[in-house]
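The values are calculated or read from the model by the stated rules, or taken from the named source; none is laboratory data. Model, not experiment: these values are computed from the prediction. No Cβ is skipped: glycine too gets one built from the backbone with ideal geometry, and neighbour counts run over all protein chains shown.
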Amino acid sequence: MKKLLFLLVLAPAVILAQKNNNGKVYDKHPALDIAEKFGQAWITGDAETLKSLVGEGFKMGNSMNTNPIYKGGDINNLIGQATWMKNNFVNISLKNRGQAYPDAIEYKRSGLFVQTFQEFIAWDKSNGFKIKTPFNVIFVFDKKGEKIMRFWWSDNTAVWQKWNLSRQTIKNGTIYKDHPNLGKVRLVYYNVEQGDLEATFENFSKNARIYDSNLVDKEYNSLEDHIQNVGNIFSQFEVISLDEVGYPDYMDYEGDGGVAYIWMNFKLKNKKTDKVVNLPVHSQMWFSDEGMIFREDVYYNANILN
């Protein structure tokens, strides 16, 4: 009984001990204006404004950096970074993300901080690559709350890695003008021309997905739906000829399987009206390691058939 009484007395004390007011949060504060001015100067390469906003001993860095000896940079790095962005990117913007807004926090023990939750967007001048990433920042101010002493940001480093690759020439596989899998693609069209729908899809996986450019109410067709769709078309049209335009390519990607690209011209005659139409078709057939077609992206103008 004494033990139970002790726990009942102790419980409120434990709960109260878990709460401690360590400062105030503001959605309007002079420091927020300074942080906004800093951000705009940073993306426009305004070196003089940046110098006026930071204090002596200023430090900056990416909080996503995993280098254990990473120490960040100083005012010279800040100016260099801002100048580099100005010289390499266009239409740079830094705006609040969605419904987010910055906060100014006056900590009792740690001083004045500003936290922002923004989105950084810019385009590479040389190749048009679009950088679009969340950009969250923690600004640490001096004791007077007038100068920025620390500028720590976090963003999507994978986006920057992809941008870096965009400036390089990188091989991602081999292109074949002829390939055994192109033979399977040609057999698809041969069997269509012969009216043998069963043989047409013998190299398709049962779970294959067909992405048809004319679909509006769903993302893709199942193989069963696609076979039915093809059957409906050729029940209305007689095949005069299916002919390659140019030649097909087979892309054997490194680590990602292979894709056959083929351009065709379908010459068809409407069985009711005897009207002859030419239907350009572009197809991309994706092959598994086992040589089965597991996806097809097919592009054509269905209005030509009306």
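Quick notes on this structure:
- Taking the stretch 102-114 as the range and being surrounded by fewer than 17 Cβ atoms within 10 Å (Cβ to Cβ) and modelled with pLDDT of 95 or more as the test, the residues that pass are Asp103, Tyr107, Gly111.
- Some residue of the stretch 252-264 being in a strand (DSSP E or B) and without any contact (Cβ under 8 Å) to a residue 24 or more places away in the chain: yes
- Here is the figure for the stretch 143-202: residues that are among the hydroxyl-bearing types (Ser, Thr, Tyr) and closer than 28 Å to Ile121 by Cα total 4.
- Residues in the stretch 141-190 that are in contact (Cβ under 8 Å) with a residue 60 or more places away in the chain and under 20 Å from Leu94 (Cα atoms): Ile148, Arg150, Phe151, Trp152, Trp153, Ser154, Asp155, Thr157.
- Of the strands (runs of 3 or more DSSP E) that lie entirely inside the stretch 10-120, those containing 2 or more residues that are within 25 Å of Gln161 (Cα to Cα) and of a type outside the set (Phe, Trp, Tyr) span 54-62, 89-96.
- Of all residues in the stretch 158-175, one or more are in contact with a Ser or Thr (Cβ under 7 Å, 6 or more places away or on another chain), assigned by TED's automatic domain parsing to the domain that holds Lys108 and either of a type in the set (Ser, Thr, Tyr) or farther than 27 Å from Lys267 by Cα (or both).
- Every pair of residues 6+ apart whose Cβ atoms lie under 9 Å, when the first sits in the stretch 270-286 and is more than 14 Å from Pro248 (Cβ to Cβ) and touching a residue at least 40 places away in the same chain (Cβ under 8 Å) while the second is among the polar types (S, T, N, Q) and crowded, with 17+ Cβ neighbours inside 10 Å: none
- Test: residue in the stretch 286-303 that is of a type in the set (A, V, I, L, M, F, W, C), farther than 23 Å from Glu202 by Cβ and more than 23 Å from the chain's Cα centre (by Cα): yes
- Failed criterion for Phe141 (all others in (1) exposed (fewer than 13 other Cβ atoms within 10 Å of the Cβ); (2) modelled with pLDDT of 95 or more; (3) touching a strand residue (DSSP E or B) at 6+ places or on another chain (Cβ under 6 Å); (4) not aliphatic (A, V, I, L, M) hold): (1)
- Meets criteria (touching a strand residue (DSSP E or B) at 6+ places or on another chain (Cβ under 8 Å), of a type outside the set (A, V, I, L, M), closer than 30 Å to Lys171 by Cβ and at pLDDT 95 or above) for Phe294: yes
- Restricting attention to the stretch 188-218 and to residues that are charged (D, E, K, R) and in contact with a strand residue (DSSP E or B) (Cβ under 7 Å, 6 or more places away or on another chain), the residue that is nearest to Ser283 (Cα to Cα) turns out to be Asp212.
- Residues being part of a helix (DSSP H, G or I) and of a type in the set (Ser, Thr, Tyr) - total across the stretch 270-306: 0
- Across the stretch 84-122, the number of residues qualifying as over 24 Å from the mean Cα position of the chain (by Cα) and closer than 18 Å to Lys37 by Cβ comes to 7.
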